[in-house]
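A.B. asks: Pasting in a structure now, in structure tokens, and then I'll have a few things to ask.
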Amino acid sequence: MIKEIKLPEIADNVTTATVLEVLVSEGDKVGADDMLAEMESDKASFELPSEVDGVVKEVKVKAGDEVKVGQVMFTIDTEGGDAGEKEEKSSGEKEEPAAKEEKKETSEKDEAKVAEDKKQADREPEKEQEPQASKKEEVSSAPASDKPASHVPASPAVRRLAREIGIDITQVKGSGPSARVTEEDVKAFAKSVIQGKPSVSSGMVDDFELPDFSKYGEIRREKMDTIRKITAKSMAGSWQNVPHVFQFDKTDVTELEKFRKDYSKLVEKQGGKLTVTAILLKLSALGLRKFPKFNASVDMKNEEIIYKDYVNIGVAVDTERGLIVPVIRDADKKSITELSVELGDIAERARTKKIKPDELQGANFTISNLGGIGGTNFTPIVNRPTVAILGVSRSQMEPIWMDGEFKPRLMLPLSLSYDHRLIDGADGARFLRWLCEAMQNPLVTMF
Ligand code: CAO
């Protein structure tokens, strides 16, 4: 039976991904958990598993290819192997010699690129003054590297060895020609880790040794689905690479709540629900225009800041499949009614698996409202390549000292997590305070 291995649906803002490296060749025997390719989307690097036991029949991609969600990348002859997956027939013919030639060419190109990178690094010694600029030089005890694993010169067998023993290959210093990482390098690195020398994981591989939980009671193991894997990897990657700062504030939404109730019928007639999230979408969009750093991305490779002249906002939606973040485009140009209708629509479609992949792409900022569930505050993780995320908790009545007496006011707790590489504390506090004031008095947005 032939199993087609496709680029899976990736919910978090990803419709395509680039092949960093093909890890298998036609004719290779693979197990269900073996990785076939290293991939990179605009959000995270990840590995594509085989899903089934069998023999690689066709390799339909090569390093550097951009692959669409759903595109067939490999076919595996399962030889009766079983992963409990739907089997699909393929009419593809074996193109072994051509594919092998292509692979050879790719690896030659990789070698050339590595040599060129090295030459470039040698030509620019002054750039090595800053600590992060030493990225050309992999050091075993260096901080987690931003460098994709594919840019580390190593053979697939060495990569596989590193993966199998839980070593992040980007942390290994290569001793071979053009700093190529050899089997010995990986083993030596592993030995140094065992002996307690410092090492840092990129977050893509968690090499924490789990205890045997079954010693304490019954356990059940379950495979992570695609969304969980992507969320786990991209959140770990963001957490380890983005220096987070968390800012908290509260806004008095007593008047806003009256407005919301008064205007809810009007919005309902247009097919939307006037919620605090819809209002925050509008005000945040205006805030992103006023504070462009929050609508930007950090390009550390080129040491540049990318400012965007459009305001797309992702909204975290809690679904049965897990967290999905559809994106509302040009939020600054839409009315609150339009945003309410669109939010209701995309949240519903995210929950019913009807969201299109391109609707999950291109956010500049994210809103995560957990207030419908509860909680007094939380610290959402900034989702690379955005630089900030707004956390919204549950509004509640509180006694607020006003005009010489305590008055019951509806207070909404807001938290802002942001990337300190770009945004400083004062910027963060100003942005969040502005948003709080805009919630209390939307006239603020006109200044
Ligand atoms: N404080 C108090 N009540 C709130 C609230 C808040 N911050 N936010 C929402 N509510 C209320 C709403 O008013 C609504 O009440 P009624 O049914 O009485 O009108 C109820 O909670 C449900 O709101 P909603 O979910 O219909 O509407 P919404 O537009 O505010 O939220 C959405 C939409 C998609 C953001 C939300 O449904 C959701 O999925 N939230 C979870 C997001 C998440 O998982 N975040 C974590 C990501 S990890 O960072």
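The values are calculated or read from the model by the stated rules, or taken from the named source; none is laboratory data. On a predicted model such as this, the values are computed, not experimentally measured, just so you know. Virtual Cβ from ideal backbone geometry, glycine too; neighbours counted across all protein chains shown. Ligands, DNA and RNA are excluded from the accessible area calculation, which covers all protein heavy atoms including side chains. Shrake-Rupley method; radii C 1.70, N 1.55, O 1.52, S 1.80 Å.
A.B. asks: Quick one: Karplus J couplings for the stretch 350-362, per residue in order, coefficients 6.51, -1.76, 1.60, θ = phi - 60°, nearest Hz, x for Gly and Pro?
C.D. replies: Along the stretch 350-362, the couplings run 5, 6, 9, 6, 9, 6, 8, x, 6, 7, 9, 10, x Hz.
A.B. asks: Step through the residues of the stretch 364-369 one at a time and calculate ³J(HN,Hα) from phi using the Karplus curve (6.51 cos²θ - 1.76 cosθ + 1.60, θ = phi - 60°), rounding each to whole Hz and writing x for Gly and Pro.
C.D. replies: Karplus values, whole Hz, x for Gly and Pro: 9, 7, 9, 10, 10, 9.
A.B. asks: Separate question: Measuring from label point to label point, each 7 Å out along Cα→Cβ, what is the ILE305 to ASP28 span in nm?
C.D. replies: For ILE305 paired with ASP28, the spin-label model returns 4.3 nm.
A.B. asks: If every alpha-carbon in the stretch 224-329 counts as one equal scatterer, what log10 I(q)/I(0) does Debye give at q = 0.11, 0.22 1/Å?
C.D. replies: -0.54, -1.35
A.B. asks: What accessible area, in Å² to the nearest ten, does a 1.4 Å probe give for ILE165?
C.D. replies: 80 Å²
A.B. asks: Cα-Cα over 25 Å: which of LYS333/LYS356; LYS57/LYS191; LYS261/LYS333; LYS233/LYS333?
C.D. replies: In this structure, LYS57/LYS191; LYS233/LYS333 exceed 25 Å between Cα atoms.
A.B. asks: Please calculate the 1.4 Å probe accessible area of ILE230, with all protein chains present, and give it to the nearest 10 Å².
C.D. replies: Per-residue accessible area (ILE230): approximately 20 Å².
A.B. asks: Cut-off 20 Å, label point 7 angstrom out along Cα-to-Cβ of ASP424: give me the residues of the stretch 225-260 whose amide nitrogen falls inside.
C.D. replies: From the stretch 225-260, the list is 243-248.
A.B. asks: Which residues' amide hydrogens lie under 5 Å from the amide hydrogen of SER41, considering only partners 5 or more residues apart or on another chain, with H built in the peptide plane?
C.D. replies: Correct list: THR18, PHE46.
A.B. asks: What does the extension gain come out to for LEU266 and LEU443, with contour length at 0.36 nm per residue minus their alpha carbon separation?
C.D. replies: Numbers: separation 177, 0.36 × 177 = 63.72 nm, distance 2.11 nm.
So the chain would gain 61.6 nm between LEU266 and LEU443.
A.B. asks: Taking 1 over the mean of 1/r across every pair of different Cα atoms in the stretch 320-445, what Kirkwood radius in Å do you get?
C.D. replies: Value: 16.6 Å, from the Cα pair sum.
A.B. asks: Under a crude label model (7 Å from the Cα following the beta-carbon direction), how far is SER155 from THR376 in nanometres?
C.D. replies: Once both label points are built, they end up 6.0 nm from each other.
A.B. asks: Just how much of ASP212 is accessible, in Å², when a 1.4 Å probe is used and the result is rounded to the nearest 10?
C.D. replies: Using a 1.4 Å probe on the heavy atoms, I get roughly 80 Å².
A.B. asks: For the cross-link pairs LYS3/LYS353; LYS60/LYS173; LYS68/LYS229; LYS250/LYS282, which exceed 21 Å when the distance is taken from alpha carbon to alpha carbon?
C.D. replies: Over 21 Å Cα-Cα: LYS3/LYS353; LYS60/LYS173.
A.B. asks: Given 0.36 nm per residue, what is the gain on full extension from ASP358 to ASP330 after removing their alpha carbon distance, in nm?
C.D. replies: Details: separation 28, 0.36 × 28 = 10.08 nm, distance 1.46 nm.
Gain on extension, ASP358 to ASP330, equals 8.6 nm.
A.B. asks: A further question on this structure: Heavy atoms only, 1.4 Å probe, whole protein assembly: order THR376, THR251 by accessible area, highest first. Walk me through the numbers on the way to the answer.
C.D. replies: On the way: THR376 100, THR251 0 Å².
Highest to lowest solvent-accessible surface, that is THR376, THR251.
A.B. asks: Given C-alpha coordinates of the stretch 266-390, what is the ratio Rg to Rh with the Kirkwood estimate of Rh?
C.D. replies: Numbers: Rg = 14.5 Å, Rh = 15.0 Å.
Over the Cα atoms of the stretch 266-390, Rg/Rh equals 0.97.
A.B. asks: Another question, if that's okay. Note down the Stokes-Einstein diffusion coefficient of the stretch 15-68 in µm²/s, whole number, using a Kirkwood radius over alpha carbon pairs, 25 °C, and 0.890 mPa s.
C.D. replies: Details: Rh = 11.3 Å.
In µm²/s, the coefficient is 217.
A.B. asks: Residues of the stretch 310-382: accessible area per residue at 1.4 Å, in Å²?
C.D. replies: Accessible area per residue: 43 Å².
A.B. asks: Let me ask something else about it. I want the antiparallel fraction of DSSP beta bridges within the stretch 288-386, as a percent rounded to 5. List each step's numbers first, then the result.
C.D. replies: On the way: 9 of 12 bridges.
The antiparallel proportion sits near 75 percent.
A.B. asks: May I pose another question? Taking H as built 1.01 Å from N, whose amide H comes closer than 5 Å to the amide H of ILE400, not counting residues under 5 places away?
C.D. replies: Long-range HN contacts for ILE400: LYS407, ARG409.
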